[in-house]
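Take a look at the structure set out below.
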Amino acid sequence: MTWPHQVGVLPREADCFQDRATARELSHGADGNGTAAPHHVVVGLGGVGKTQLAAHHARTLWQTEQLDLLVWVTAASRDAVVTGYAQAAAEILGADPAGPESAARSFLAWLEPKPANERRWLVVLDDLADPADLRNLWPPASNHGRTLVTTRRRDAALTGHGRRVVPMGLFTEDEAAAYLTTSLAAHDRHEPADQLLGLADDLGHLPLALSQAVAYLTDVDLDCATYRRRLCDRARSLSDALPDPSGLPDDQATTVAAAWSLSIESADRLPPAGLARPMLQLASMLDPNGIPIAVLTSPPALDHLARHRSAGPEHTGAGEITAPDATQALRALHRLSLIDHTPDSPHHTVRVHQLLQRAIRDRLPAGRHDQLARAAADALIAAWPEVERDTALAQALRASTEALTLHAEDALYQPDTHPALIRTGLSLGEAGQVAAARHHMQHVANTTRHRLSADHPDTLTARSHLGSWQGATGDAAGAATAFEELLADLERVLGPDHPATLVSRGKLAYWRGEAGDAAGAATAFEELLADRVRVLGPDHPDTLITRGNLAFLRGEAGDAAGAATAFEELLADRVRVLGPDHPDTLCTRGNLASWRGKAGDAAGAARAFEELLADLERVLGPDHADTLCARGNLASWHGEAGDAAGAATAFEELLTDLERVLGPDHPATLSTRGNLAYWRGEAGGGSGAATAFEELLADLERVLGPDHPDTLGTRNDPAYWRGRRRWRLITNRIRSVISGE
């Protein structure tokens, strides 16, 4: 026997192989500390480069003469492992390969540490398909040898007993850019850096996909920008933008589109059998960066799993699908590295690579694709809370709706406009992103009109939401015009007493008032109130909304005490009809406190807002738009009551939270900067206030435009009045839109 000796053939090193952090982690583990080196189990999604990493590590040790024996085994099955061990035993020990089990045991015994055997060895078990295949076949722990396993499996059976799990992920941005640059340069191709970074993002930094993309655009002779357009063309499948099997680079055996088929089949066989595939199909429609667990365990999701459970004798006898069954299906997918399932992150519980999602969607028949899209939208709506107390959950739900719309927009408008599209617009507005809400509803309204008809109820509903957000962005006159046109169509299509028609009358009156016609708005609301009492009754929520708008206009006309009295009477009825914690009830408390303050009781208004704020934080959460507005009102009334320094401090703290929750360019954030500047000035910092208002004006012109009411108000009106008034209007507008007015 001649040493050193190699058993098995290492895969050739990929062109432009990238040395990655995981490789350095393996090398560090090889150095050890004088004790037995652990087994290393490299785990990751198919296509991240586990085999190449193992081959590079083994080749490095071999070429630097750190090994006496290198054994490479493709561990696709137990028989493959036994055969590989038997071959090693035949070459090293002269064992009879005709008895593979016996020869394999002889090889493992030879690996056991012995004083007479200090050969340095490395056994690589590549692409282990099932941890059970290594039962009684793990090489022993040894000071002179190491085992390296690569696998997509993340089972607990692979841990412990000196086994160190090494997760392997995607290329970093720098690694992906370096790989693409080097690989293309090898073909005398040079592309702009921004296009390469964009391509890396398009392919999710997956090494296998990047290598195949380079081969494709080289063979087809496309520049990077053209290739990216082809890749993003939803009319094409992923296979249409990658090489066929005959053109795969680096001796690869499968395309990206087919890379995960065996893993999906394996996951589908794990308990609860037959649920992993339909669960992965559902997840393929949603945000790859994080899907809330509430979506995937909702009743519509469970119904989808029950209707599409994979067929097969091993799946018979299954009863009703439960939320624990759905969670177990997620764990099965996680065990095969097809998803990342993190139960301690409820809003981003499931992450799926974007190319795996696309490969799943590509295999769906057209009818099945649309059915799945509607099921995913149903699951989103089922998980969407009526009150968005948790802003992170709301953001995650909006992100998944956006992803779903990108993949399957046609399905969301057939046979009607799915409620998830409307809910997304409302959610954006509730989060304070009024410009985004307006843009979203403009798209929904245009698409619904085109796909369904101008007079379809969904089109009329979308137009109503659009008008509200148009006004909320500062275009009160435009909103009034939009509702005037909508009202005429609603009366023609639905009739004058239809609830939607009455709502539109209320919105028209409201935005006329905001556009400056307070008297006309008051008259319209009085007429509407009479009709709502007649059609809906005195206790209907919409009737109560109209009373609130009348009370508000009364105060705007100069009768602050009368407005306070009207809101006090309204509050009693809302508590009786809706309950003390209903958002409309809480809004009425805020209006009552504000008008009492305007009637002369600033200290009382501050106390009322302190009590209201505690209830808003309990009911809606600390980051809800109404809660943040109440904090602004509280700060203002503290200032009006004489505590200018305290008001400035409160606005400073509020500004930090608004920038975190809504962003620096949100109207409420900009308004708070004005309030902060004003109260700092009132507290003695006049020059600083002037500078702050100059900076604010520049940002208002940049964000909202020179003719926006807030910009004009900052330029021409006293700063303190604009700041205070803005907070009241934000609160009223948010609540009026939520309530349908």
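Data for the structure
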{"quantity": "Angle between the chain longest axis and helix 602-619 axis [Cα atoms, degrees, rounded to 10]", "calculated": "30 degrees"}
{"quantity": "Average Cα contact separation per residue, the chain, under 8 Å, 6 or more apart, as relative contact order %", "calculated": "8 percent"}
{"quantity": "The stretch 173-257, relative contact order in percent, only Cα pairs under 8 angstrom and at least six apart counted", "calculated": "27 percent"}
{"quantity": "Stretch gain in nm, segment residue 93-residue 164, where the contour uses 0.36 nm per residue and the Cα spacing is subtracted", "calculated": "22.6 nm"}
{"quantity": "Answer label for Cα Rg over 2.2 N^0.38 Å (calculated), chosen among (i) 1.00; (ii) 1.07; (iii) 1.21", "calculated": "(iii)"}
{"quantity": "Considering only the chain, percent of DSSP beta bridges that pair antiparallel, nearest 5", "calculated": "15 percent"}
{"quantity": "Over the chain: helical MRE at 222 nm, DSSP H runs n ≥ 4 each giving -39500 (n - 2.57), nearest 500", "calculated": "-19500 deg cm²/dmol"}
{"quantity": "The stretch 5-167 - share of DSSP beta bridges that are antiparallel (%, nearest 5)", "calculated": "10 percent"}
{"quantity": "The stretch 276-415: relative contact order in percent, alpha carbon pairs under 8 Å with at least 6 residues between", "calculated": "38 percent"}
{"quantity": "Additional length obtainable on full extension of the chain from residue 21 to residue 439, 0.36 nm per residue less Cα span", "calculated": "146.2 nm"}
{"quantity": "Extended-chain gain in nm, criterion 0.36 nm per residue less alpha-carbon gap, residue 611 and residue 186", "calculated": "146.1 nm"}
{"quantity": "Theoretical FRET efficiency, 1/(1+(r/R0)^6), r = Cβ-Cβ of residue 557 and residue 712, R0 30 Å, to 0.05", "calculated": "0.85"}
{"quantity": "Gyration tensor verdict on the stretch 5-167 (Cα atoms; rounded if a/c is under 1.5, prolate if a/b is larger than b/c, oblate otherwise)", "calculated": "rounded"}
{"quantity": "Per-pair calculated FRET efficiency, R0 = 35 Å: residue 414 and residue 246 via Cβ, rounded to 0.05", "calculated": "0.35"}
{"quantity": "Inter-probe distance in nm under a simple model that places probes 7 Å from Cα toward Cβ, at residue 362 and residue 239", "calculated": "0.8 nm"}
{"quantity": "Theoretical FRET efficiency, 1/(1+(r/R0)^6), r = Cβ-Cβ of residue 6 and residue 702, R0 51 Å, to 0.05", "calculated": "0.20"}
{"quantity": "Prolate/oblate/rounded call for the stretch 255-341, Cα gyration tensor, a/c under 1.5 rounded", "calculated": "oblate"}
{"quantity": "Point-to-point label distance, residue 320-residue 494, nm (Cα→Cβ direction, 7 Å offset)", "calculated": "3.6 nm"}
{"quantity": "Part-to-part distance (alpha-carbon centres) for the stretch 73-123 and the stretch 357-406, which is given in Å", "calculated": "51 Å"}
{"quantity": "Amide hydrogen neighbours beyond the local backbone of residue 74, cut-off 5 Å, H modeled", "calculated": "126"}
{"quantity": "In range of the label at residue 307: residues from the stretch 382-406 whose backbone nitrogen is under 15 Å from the point 7 Å along Cα→Cβ", "calculated": "382"}
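No lab work stands behind these numbers, since they all come straight from the coordinates. Remember, predicted model here, so these are calculated numbers, not experimental data. Neighbour counts are summed over all protein chains in view; Cβ atoms, including those assigned to glycine, are modelled from backbone coordinates with ideal geometry.
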